[in-house]
Amino acid sequence: MRTQVAIIGAGPAGLLLGQLLHKAGIDNVIVEQRSGEYVLGRIRAGIIEQICQDLLDEAGVGERMHREGIVHHGIELCFGGQRHRIDLRQLTGGKSVMVYGQTEVTRDLMDARAAAGLPTVYEAANVQVHDFDGTSPRVSWQKDGATHELQCDFIAGCDGFHGVCRASVPADRIQTFERVYPFGWLGILADTPPVSDELIYSNHERGFALCSMRSHTRSRHYVQVPLTDKVESWSDEAFWDELRRRLDPEAAESLVTGPSIEKSIAPLRSFVAEPMRFGRMFLAGDAAHIVPPTGAKGLNLAASDVRYLSRAFVEYYRDKTEAGIDDYSRKALRRVWKAERFSWFMTSLLHKFPDDAGFGFKIQQAELDYLVSSAAASTSLAENYVGLPFED
């Protein structure tokens, strides 16, 4: 088998890259170790920046998102028992975000790929990348008792934090930066109406809480918990009771509870790998970086990588120039680190840290008070939340 771009990973980053390349007339094959059902079953982010919306439109898969997604023009910060609204649209010259689950983005991209008859290999075992330092990289895998090989011009590593692409890079050629936070998010998905029309980010002496949503009838809520906690230790009733304690009185009173559809604990970490290019192999999305979900940047940052990478490939094949692929890592990492900074800032601002509960909590309250009373500080938060501009 041969193709122009071999994409490892059928998550939203790999699928979006494949769709954009297809639209540009560039052949690509996606190789995924898991089944399609497994990929769709992963519960992930739900806040989409304007740039991600634009890319989905460019890929031809934005119709359902615009029909079913919920546009948000602001967010609410809750502290000291009161909520304060950050008006994203007013502070950023009309920009906003959209609530549309990552699962739905993945489904739309999968459906488009299937409709176009584009090749995707699911349940590929022992995926390996070869010769990416040369001019003829290859990808191999095993399926149905046979070994398969795909020759290509380039490899796009969109296979996540635990994928094979980054792991295949020699240790002396890659540098990693990581911060692991001493807590996690206990999240619950329930068919209950949202507490508020917009997301509530709550800083409370008991710990962080977030009230989010997937639709007008389905809610996604989180509370900060120790890393030692187990999902099995949290009944639905215990979760709702703890969430209610961390909200302002009005939100706590209006909270509608119900049985959970999904419940899980996610650890929080910041991670970056540099560079993001190794010969003819490129990393994108979670393969290169992880952000804590507090800043709502995970999916959007993956889309940012894909935007830069897809345009670099188009320039290579259409304009016969390697300028885009040569500059991919630098451009992508500049944006990555700004998103990492904002996600770290939001995480540090809103969570209870076990070793800094006294002085640290007071500093958080002062920072939050400054944020909601300063136009400059509110604007900075809003600009980062809706997504910073691209370097073109």
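The calculated pair-distance distribution of the range 51-184 uses every alpha carbon pair, bins of 5 angstrom beginning at 0, and gives 2, 7, 11, 12, 13, 14, 14, 11, 8, 5, 3, 1, 0 percent.
Exposure proxy shown here: for Met281, Met1, the number of other Cβ atoms within 10 Å sets the order, fewest to most, as Met1, Met281.
Rounded to two decimals, the Cα radius of gyration of the range 281-347 over 2.2 N^0.38 Å is 1.20. Taking a point 7 Å out from the Cα of Arg218 in the direction of its Cβ, the residues of the range 93-107 whose backbone N falls within less than 14 Å of it are 99-107.
More than 19 Å apart: what percent of Cα pairs in the range 300-392 qualify? Walk me through the numbers on the way to the answer.
Details: 2368 of 4278 pairs.
Tail fraction, whole percent: 55.
The equivalent ellipsoid that matches the C-alpha gyration tensor of the range 217-256 spans semi-axes of 20, 12, 9 angstrom, in descending order. Give the relative contact order (percent, whole number) for the range 105-242; include only Cα pairs under 8 Å separated by 6+ residues. Relative contact order here is 14 percent. Per-residue Karplus couplings for the range 359-368, computed as 6.51 cos²θ - 1.76 cosθ + 1.60 with θ equal to phi - 60°, are listed in order as 4, x, 5, 5, 5, 4, 4, 5, 5, 5 Hz, Gly and Pro entered as x. Packing order of peptides 360-372, 187-199, highest average first: 187-199, 360-372 (average count of other Cβ atoms within 10 Å over each peptide's residues).
Here the alpha carbons of the range 323-375 define both size measures, Rg and Dmax, at 16.5, 51 Å.
Just how many % of Cα pairs in the chain lie over 42 Å apart, if you round to the nearest whole percent? Tail of P(r) above 42 Å: 13 percent of Cα pairs. Mean silhouette area of the range 206-280, derived from the convex hull of its C-alpha atoms and averaged over all directions, reads 8.2 nm². Partners of Lys23 within straight-line reach, counting lysines whose Cα lies under 29 Å from its Cα and excluding those fewer than 8 residues away in the same chain: Lys95, Lys143, Lys297, Lys320, Lys331. A protection proxy built from the mean count of other Cβ atoms within 10 Å ranks the segments 307-314, 59-66, most packed first, as 307-314, 59-66. If you wrap the tightest convex hull around every Cα atom of the range 1-118 and split its volume per residue, you get 131 Å³.
Taking the DSSP bridge list for the chain and keeping only pairs wholly inside it, about 75 percent are antiparallel. When all C-alpha to C-alpha distances in the range 114-233 are sorted into bins of 10 Å, what percent of pairs does each bin hold, rounded to whole numbers? Going from the shortest bin to the longest, the percentages are 10, 24, 20, 24, 20, 2. Working note: Debye formula, equal point scatterers on the alpha-carbon atoms of the range 233-392, no solvent; log10 I(q)/I(0) at q = 0.16, 0.18, 0.20 Å⁻¹ is -1.04, -1.17, -1.28. Note on Asp326/Ala266: beta-carbon distance plugged into 1/(1 + (r/R0)^6) with R0 of 45 Å gives a FRET efficiency of 0.80. Taking the range 196-229 and a reference point 7 angstrom along Cα→Cβ of Gln365, the backbone N atoms nearer than 15 Å belong to 203-207.
Peptide packing for 136-145, 232-241 was compared via the average number of neighbouring C-beta atoms within 10 Å per residue; ordered from the highest value, the list is 136-145, 232-241. Between amide H atoms placed 1.01 Å from N, distances below 5 Å from Val97 occur with His72, all of them 5 or more places distant or on a separate chain.
Taking all Cα pairs closer than 8 Å and separated by 6 or more residues, the relative contact order of the chain comes to 20 percent. In this structure, Glu315 and Glu149 have a Cβ-Cβ separation that, at R0 = 25 Å, corresponds to a calculated FRET efficiency of about 0.35.
Between Lys338 and Ser380, 0.36 nm times their residue separation minus their Cα-Cα distance comes to what? Intermediate results must be reported in sequence, preceding the final value.
Numbers: separation 42, 0.36 × 42 = 15.12 nm, distance 1.22 nm.
Answer, rounded to one decimal: 13.9 nm.
No lab work stands behind these numbers, since they all come straight from the coordinates. These figures come from a predicted structure and were not determined experimentally. FYI the Cβ positions are ideal-geometry reconstructions off the backbone, even for glycines, and counts take in every protein chain you see.
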